[in-house]
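Only one structure is covered here, and it is reproduced in the block below.
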Amino acid sequence: MIRKIIQKGNLILEEKAKALDLVKQQEECLSLIEDLTDTINHTLTTHPFSKGIGLNAPQIGISKQIFAIKMPGEKISFFVNPKIIWYSKKIDCKYEGCLSFFKFRGKVKRSTGIKLEYFDINFNIQRKKFKDGTARLIQHEYDHLQGIFYISRTPKG
């Protein structure tokens, strides 16, 4: 189902999302995966995202620990109950935007590499390194699950 993307000011974006119990909540998780897929695909029909797109459950009104990303030329990837377990020491500062605050872009410092522990759509645990634009997008979405909005990471100017 295509969901409305929640906008800045809605308190769900400011709270830490709850972990999914993958034994008891598999159906809910699969439904969230379907809704995230439908909403990303719909969004891509109206806006081109040359560097990738991400969307998380709080942005569609559900406070659960799951997000999806779609990098150019790749399939949508899903991350359930993610945890960043390593950050590279190398940092860069690049512009970011957000579907929940669409008209604002700001420079954000982020690690250029991360290692993420998460469950995939088959509920298997994964540990994988990501770098550059993918690492940036994952950190942005992970922040959402922690109740952190990227504009809080932009320099005050």
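The values are calculated or read from the model by the stated rules, or taken from the named source; none is laboratory data. It should be emphasised that the depicted structure is a prediction, and the values quoted were computed from it without experimental measurement. As a convention, Cβ positions derive from the backbone with ideal geometry for all residues, glycine included, and neighbour counts pool all protein chains shown.
When you scan segment 111-132, do you find a residue that is within 17 Å of TYR95 (Cβ to Cβ), in a helix (DSSP H, G or I) and modelled with pLDDT of 95 or more, even just one?
Within segment 111-132, one or more residues are within 17 Å of TYR95 (Cβ to Cβ), in a helix (DSSP H, G or I) and modelled with pLDDT of 95 or more.
Note down all Cβ pairs under 9 Å where the first residue falls in segment 71-87 and is in contact (Cβ under 8 Å) with a residue 60 or more places away in the chain, the second is of a type in the set (Asp, Glu), and they're at least six residues apart or on different chains.
Note: pairs meeting the criteria are PHE79/ASP120; PHE79/GLU141; VAL80/ASP120; ASN81/GLU117; PRO82/GLU117; PRO82/GLU141.
Considering (1) closer than 26 Å to LEU44 by Cα; (2) touching an Asp or Glu at 6+ places or on another chain (Cβ under 6 Å), say which one LYS83 fails and leave the rest.
With (1) closer than 26 Å to LEU44 by Cα; (2) touching an Asp or Glu at 6+ places or on another chain (Cβ under 6 Å) applied to LYS83, the lone miss is (1).
Does LEU55 count as assigned to a loop (DSSP other than H, G, I, E, B), touching a strand residue (DSSP E or B) at 6+ places or on another chain (Cβ under 6 Å) and either more than 23 Å from ARG136 (Cβ to Cβ) or hydrophobic (A, V, I, L, M, F, W, C) (or both)?
no
Please go through segment 133-157 and pick out each residue that is in contact with a His (Cβ under 7 Å, 6 or more places away or on another chain) and either in a loop (DSSP other than H, G, I, E, B) or surrounded by fewer than 17 Cβ atoms within 10 Å (Cβ to Cβ) (or both).
Initial filter on segment 133-157 (in contact with a His (Cβ under 7 Å, 6 or more places away or on another chain)): 150.
Residues satisfying the conditions do not exist here.
For segment 57-74, enumerate the residues that are under 15 Å from the mean Cα position of the chain (by Cα), surrounded by fewer than 18 Cβ atoms within 10 Å (Cβ to Cβ) and within 21 Å of PHE119 (Cβ to Cβ).
SER63, MET71
Just to be sure I understand the filter: pairs with C-beta atoms under 8 Å, separated by 6 or more residues or on different chains, first member in segment 104-117 and at positive phi, second member of a type in the set (Val, Ile, Thr) and surrounded by 15 or more Cβ atoms within 10 Å (Cβ to Cβ). Which pairs pass?
none
Restricting to segment 20-52, give me the number of residues that are hydrophobic (A, V, I, L, M, F, W, C) and either part of a strand (DSSP E or B) or more than 17 Å from LEU99 (Cβ to Cβ) (or both).
Applying the first criterion (hydrophobic (A, V, I, L, M, F, W, C)) to segment 20-52 yields 20, 22-23, 29-30, 32-33, 36, 40, 44, 49.
Checking the rest, the ones that are also either part of a strand (DSSP E or B) or more than 17 Å from LEU99 (Cβ to Cβ) (or both) come to 20, 22-23, 29-30, 33.
Total meeting the criteria: 6.
Name the residue that is surrounded by the fewest Cβ atoms within 10 Å (Cβ to Cβ), counting only residues in segment 46-56 that are touching a residue at least 60 places away in the same chain (Cβ under 8 Å) and of a type in the set (Gly, Ala, Ser).
GLY52
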